[in-house]
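The values are calculated or read from the model by the stated rules, or taken from the named source; none is laboratory data. Quantities reported herein were computed from a predicted structural model and do not represent experimental measurements. Methodologically, a virtual Cβ is constructed for each residue, glycine included, from the backbone with ideal geometry; neighbour enumeration extends over all protein chains shown.
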Amino acid sequence: MCSTNPDQMIDNIPLGKNAAIVKIVNVLKEAAYVWRPTLDIFVIPDAVDHEIPWPIKSLEIIIHTAENSTMIRSPRVSFDVAMTCNLNLVFEILMSLFLMR
């Protein structure tokens, strides 16, 4: 997770409300399409090691803690791609999810 700032630009387009910028690091479903395709990125495998926009309601935030190997999951489950998560944004993202209910 890189940002949820609606004014941040990605591919010269503002991110917009209820969206996040994510960095794709691993593909679990080869035929999955990206939310906002571009000329270079049409399916998830094209997006590996790139930052792309994704709707917040379709994200699943997973936080692993090293101390006791516990896992905290977001209430939304539908994103089929593993991604990196910037812990500084976790609170902001969880609050966004809470406010969307």
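So here's what we get for this one:
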| quantity | calculated |
| --- | --- |
| Residue list for region 30-50, restricted to those being in a loop (DSSP other than H, G, I, E, B) and surrounded by 11 or more Cβ atoms within 10 Å (Cβ to Cβ) | Ala32, Val34, Trp35, Arg36, Pro37, Thr38, Ile41, Phe42, Val48, His50 |
| Residue check, Ser69 modelled with pLDDT under 60 and at positive phi | yes |
| Residue pairs meeting the criteria (Cβ under 6 Å; at least 6 apart or on separate chains; first among the aliphatic types (A, V, I, L, M), in region 1-16; second part of a loop (DSSP other than H, G, I, E, B)) | Met1/Cys85; Met1/Asn86; Leu15/Pro6; Leu15/Gln8 |
